[in-house]
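Note sheet for the following structure.
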Amino acid sequence: MPSPNLRTFQNTIDAYKTKLAEQSAQIQDPKALDELRHQFLSRKRGYVTILLEELKTFAPEEKPTAGQLVNALKNEIQERLEALEARLKAPAKPKREIDLTLPGEKRYRGVPHPIRLFQREIEDIFLSMGFSVEDGPEIETDYYNFEALNFPPHHPARDDWDTLYITDKLLLRTHTSPVQIRVMEKQKPPIRIVLPGKVFRRDVPDPTHLPMFFQLEGLVVDEGITFAHLKGTLEFFLKRLFGDKIKIRFRPSFFPFTEPSAEVDIECLACGAKDPECRICGGTGWKEILGSGMVDPQVFKNVNIDPEKYSGWAFGLGIDRTAMFAYGISDMRYFFENDLRFIRQFDLK
Ligand SMILES: [Zn+2]
């Protein structure tokens, strides 16, 4: 059992330790640190000196224990003082060594595919006119791809579409027109929609043909819709896409699902209609850009829309082909070769 003297001594030492911890936490400058050192370690009146003097009052058998307690305290004080000194010497904040004159590190974040960007540009023009964007399946039935659009079985116009059949009745859609049928089945007029998407034909890849390409069709159905609406809308669209000065012409044509039908040409951007040798327009000065026409009444009958009450028009264009023309690209295959040198040119932001 330690004597009451030793216990009091121990308590005094514990009190000093607490005091040391509390005061250390307050130290902010070297002067305060010196004062703390003086208070605990001064040879004249420091706490340790006083404790060492008190050792004389202990019986010989308790002296080593008491001595160890004082030593432990002394070590703790010294450690704490050293740590405080190091903390005060350390700079307040680490120096930032950034050379602002060096060029920055550019990371390539990626961009949408050029076809997708061009598709969005077209969609935005139609969205601004109150159209909405619709989507449909890429695997279609013969009915939606052909029959409902006025191509009866064995109709010669079917030969124009080199169709990729999956079974007798299932095929990869050759145009986005089946989506027109699907929308008209669900929705009654007024209808104002554009339908972008992938379409498929049995073509050998060459600079202007691919077995998969992108199409965008438009459809308007309402009471009193005339060819004048078709012409006005397409002119507005083409001027927004190619600039106000672009020359446009409508040329009579034939499609099974529209009557009358017209193909729309714009003046050749490549030669400005000035080069008789131009490879883009073949020297004609005109480039066919889309097909259009008034929806055939039979198509309306197929989807239970009364052709006596409603009329409408539709158009379709190849997104890739139009993008080629707009950007001056000579080979359609560049779009799908995934060569980043090609694709990054369209990162215009
Ligand atoms: Zn030309």
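The values are calculated or read from the model by the stated rules, or taken from the named source; none is laboratory data. Since the model is a prediction, treat every value here as computed from it, not as a measurement. Note: ideal-geometry Cβ built from the backbone for every residue, glycine included; neighbour counts use all protein chains shown. For accessibility, only protein heavy atoms count, side chains too; no ligands or nucleic acids. Shrake-Rupley method; radii C 1.70, N 1.55, O 1.52, S 1.80 Å.
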What is the helix-to-structure angle for 227-242, meaning the angle in degrees between its Cα long axis and the longest Cα principal axis of the chain, kept from 0 to 90 and rounded to the nearest 10? 40
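Per the Cauchy relation, a quarter of the hull surface: what is the mean projected area of the convex hull of the alpha carbons in the stretch 55-185, in nm²?
Numbers: hull surface 103.1 nm².
Quarter of the Cα hull surface area: 25.8 nm².
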Which one of Ala83, Gly46, Phe58 has its Cα pushed farthest toward the positive end of the charge dipole of the stretch 4-89, where Lys and Arg give +1 and Asp and Glu give -1 at the Cβ? Gly46
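Can you give the direction-averaged projected area of the convex hull of the alpha-carbon atoms in the chain, in nm²? All intermediate terms of the calculation are to be shown ahead of the outcome.
Numbers: hull surface 150.0 nm².
Taking the Cα atoms of the chain, their convex hull projects to 37.5 nm² on average.
When Lys and Arg each count +1 and Asp and Glu each count -1, what net charge do the other residues less than 14 Å away from Thr65, Cβ to Cβ, add up to? Can you show the working numbers first?
Values: positive: Arg7, Lys63; negative: Glu54, Glu61, Glu62.
So the surrounding residues net to -1.
Could you tell me the relative contact order of the stretch 26-170? Use alpha-carbon pairs under 8 Å, at least six residues apart, and round to a whole percent.
Numbers: 49 pairs, mean separation 20.8, N = 145.
About 14 percent, as a whole number.
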Sequence gap at least 6, Cα distance under 8 Å: using those rules, report the relative contact order of the chain to the nearest whole percent. 14
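I need to check one value: relative contact order of the stretch 4-89, counting alpha carbon pairs closer than 8 Å and at least 6 residues apart, in percent.
Values: 50 pairs, mean separation 31.7, N = 86.
Reported as a whole number, the value is 37 percent.
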Output ³J(HN,Hα) for the stretch 30-47: one whole-Hz value per residue in order, computed from phi by the Karplus curve 6.51 cos²θ - 1.76 cosθ + 1.60 with θ = phi - 60°, and x for Gly and Pro. x, 5, 5, 5, 4, 4, 5, 4, 4, 4, 9, 10, 4, 5, 7, 10, x, 4
To the nearest Å², the heavy-atom accessible area per residue of the stretch 114-346 with 1.4 Å probe amounts to 49
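Roughly how many percent of the accessible protein surface of the chain is carbon and sulfur, given a 1.4 Å probe and a whole-percent answer?
Details: 10680 of 20620 Å².
That fraction is 52 percent.
What is the Cα radius of gyration of the stretch 4-89 over 2.2 N^0.38 Å, N being its residue count? Each step should come with its number before you reach the end.
On the way: Rg = 13.8 Å, N = 86, 2.2 N^0.38 = 12.0 Å.
Cα Rg divided by the expected 2.2 N^0.38 Å: 1.15.
What number comes out for accessible area per residue over the stretch 1-56 if the probe is 1.4 Å? Units Å², please.
Numbers: 3810 Å² over 56 residues.
For the stretch 1-56, the per-residue accessible area is 68 Å².
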